[in-house]
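What follows draws every value from the coordinates through simple rules; no lab data is involved. None of these values were measured; they are calculated from a predicted model. Virtual Cβ from ideal backbone geometry, glycine too; neighbours counted across all protein chains shown.
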Amino acid sequence: MSKPHPVGAIVLAAGLGTRMNSAQAKVLHHLGGRPLIAYPLTALRSIGVDPVVVIVGHQADAVRAACAPFGVRFAVQTEQKGTGHAAQVARTVLRDFSGDLLVIYGDLPFLRPESLRRLITAHQRARAAVSLLTETIADPSGFGRIVRNEQGRVSGIVEDRDCSPAQRAIHEVNVGVYCVDADFLFRALERVKPTNAQGELYLTDIVAVAHAQNARIGDAVAVGGDGSQISSRADLAEREKTLREVINARWMAAGVTLEDPATAYIGPDVQIGRDTIVGPNVLLRGTTRIGQQCRLDGSALITNATIHNKVHVKFGVVITEARLDDEVQVGPFAQLRPGTHLGPRVHVGDFVETKNAVLGAGTKAMHLTYLGDTEIGVDTNIGAGTITCNYDGFRKQRTVIGDRVQVGSDSQLVAPVTVGDDAYIATGTTVRKDVAKGALAFNAKTELQRSGWVAARRAREAKQKRQRAKKASLKQPRSQRVKPRKLSTKPKKVAAAGRSRTLRPRATKRRTRR
């Protein structure tokens, strides 16, 4: 039995993707929290393909950065002259390679490793010059059509824009995945001419070259949406929905409760333990790991975090690159920034922010607190409004708080500072010096009271208000000033029962003192 040929790969990722209507290269758009290019590279890595050459063009540096975790090589397509030209530029990188090459597009997020294996097997068994993955779909619009001869063998691929009316009726399409003998690929590309409507070199034309040379052409059938390319933002949204449904169904089958699957956004690299409950509007991204029997109430954004068992994440919490040990409670409305580590049974409450902070087992910070560049021992209580002042305008400084410390509300700890075990920080204290074990730290303050102060203040304010009103009135023209009303002394006639009578002002008696 002959030994299988080595298999490398070329990934076409140089195009901008004009239908995306974006300044960003198409392969850099995200799906499920990962750039599109990550999906085919993951599939290639899983089957051991090596070397892998990524063709870059638009935003080449950003595409290189997105590919960095996969250890691939690069070739630059400075001018985008078609997919055939893109494959040609890989020749110098692969000059010493002999074997078969998978050539795939960088916008195939649902391409599965088993489909690639099936294509490689079919290609090598048939000893074909070129083999391709095909799929029959209901709506072939936008896809290249597979043309077969009378014997049912593939004879060519016609791009959608170049199809005749008869070819547009074909529903078997090119997925955009090829397995090609490396020598044949580069020789065939030399024969390809830009005779299409776009004046470009099409990679698909190598199939026609193989047919013209009576070389063997193999094919394998793709299943399960392997060929779902992304050409527009509408495609991206549709694939996002499909991916979310697939991921959510997998986790529900694994024993995770999703209270509203339509609003649960779980990344492809996330792991969740059994009997965990995920509420509505929860986004789990990156390499987040969540243990068993946790509860995420809702409207949470969790990225690259490690959450152990029986953790309760309440409403409106943001967690980034943090670690939460067993039975931790967080929120509502808390933010755990990178470098945070909450020990077992730690409680972090509403409007608390932590950054590069380690909180020991059983410690609590329940309200309105900032803990930055901080190390706190076990069973310590941090009062509401506490701030660790970690930045002096030039560099970050660290605060160390021991075990069983009581920090009163509205206190500030100006780093660098250390508070010993069992110390007590009085309410409203600014701590600038180290506090010894078991000591009480407070700032001496004198409380004074002034009797009648409120009434006097109100009287002053009322007087000033009247004065301001008088000044404003004097600034107006005389015709607009409000004149005081004068009482009339003229008699008034009053009609009553068909006759009139005159009312005169009532005379008032002047009282005299006796």
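Annotations
- In degrees, nearest ten, helix 113-126 long axis to first principal axis of the chain (Cα): 10
- Label reach from Gln464 (point 7 Å along Cα→C-beta): in the range 435-457, amide nitrogens under 11 Å belong to 457.
- Theoretical FRET efficiency, 1/(1+(r/R0)^6), r = Cβ-Cβ of Glu447 and Gln406, R0 25 Å, to 0.05: 0.70
- Pairwise alpha-carbon distances in the range 1-143 exceed 23 Å for 35% of all pairs.
- For Lys314, the aspartates and glutamates whose Cα comes closer than 20 Å to its Cα, not counting residues fewer than 8 places off in the same chain, are Glu259, Asp260, Asp275, Asp297, Asp325, Asp326, Glu327, Asp350, Glu353.
- Crossing angle, helix 453-474 versus the chain [Cα axis fit, 0-90 degrees, rounded to tens]: 90
- With kT/(6 pi eta Rh) evaluated at 37 °C and eta = 0.692 mPa s, and Rh the Kirkwood radius from Cα pairs, the range 300-451 diffuses with a coefficient of 213 µm²/s according to Stokes-Einstein.
- Relative contact order of the chain, taken over Cα pairs closer than 8 Å and 6 or more residues apart, is 7 percent.
- Between the listed residues His312, Val56, Val27, the Cα displaced farthest toward the positive end of the dipole of the chain, a dipole computed from Cβ unit charges relative to the Cα centre, is found at His312.
- Phi angles of the range 371-382 translate, via the Karplus equation with coefficients 6.51, -1.76, 1.60 and θ = phi - 60°, into HN-Hα couplings of 10, x, 6, 10, 10, 10, x, 8, 6, 9, 10, 9 Hz per residue; Gly and Pro are given as x.
- In this structure the amide hydrogen of Ile290, modeled in the peptide plane, comes within under 5 Å of the amide hydrogens of Gln271, Ile272, Gly273, Ile307, none closer than 5 places in sequence on its chain.
- According to the calculation over all Cα-Cα pairs in the chain, the P(r) per 10 Å bin from zero is 3, 14, 17, 14, 12, 10, 9, 6, 6, 4, 2, 2, 1, 0, 0 %.
- The eigenvalues of the Cα gyration tensor, multiplied by 5 and square-rooted, give the range 333-414 an equivalent ellipsoid with semi-axes of 17, 13, 13 Å from largest to smallest.
- Label-to-label distance, Glu321 versus Thr242, with points set 7 angstrom from Cα along the beta-carbon direction: 3.4 nm.
- Rough spin-label spacing in nm, given labels placed 7 Å along Cα→Cβ, for Arg148 and Tyr391: 6.6
- In terms of distances greater than 20 angstrom between alpha carbons, the cross-link table entries Lys81/Lys193; Lys355/Lys433; Lys26/Lys241; Lys355/Lys445; Lys364/Lys396 yield Lys355/Lys433; Lys355/Lys445; Lys364/Lys396.
- Total charge dipole magnitude, the chain, about the Cα centre, Cβ charges on Lys, Arg, Asp, Glu only, Debye to nearest 20: 8400
- Full extension of the chain between Ala212 and Asp96 gives 39.0 nm of extra length, using 0.36 nm per residue less the Cα-Cα distance.
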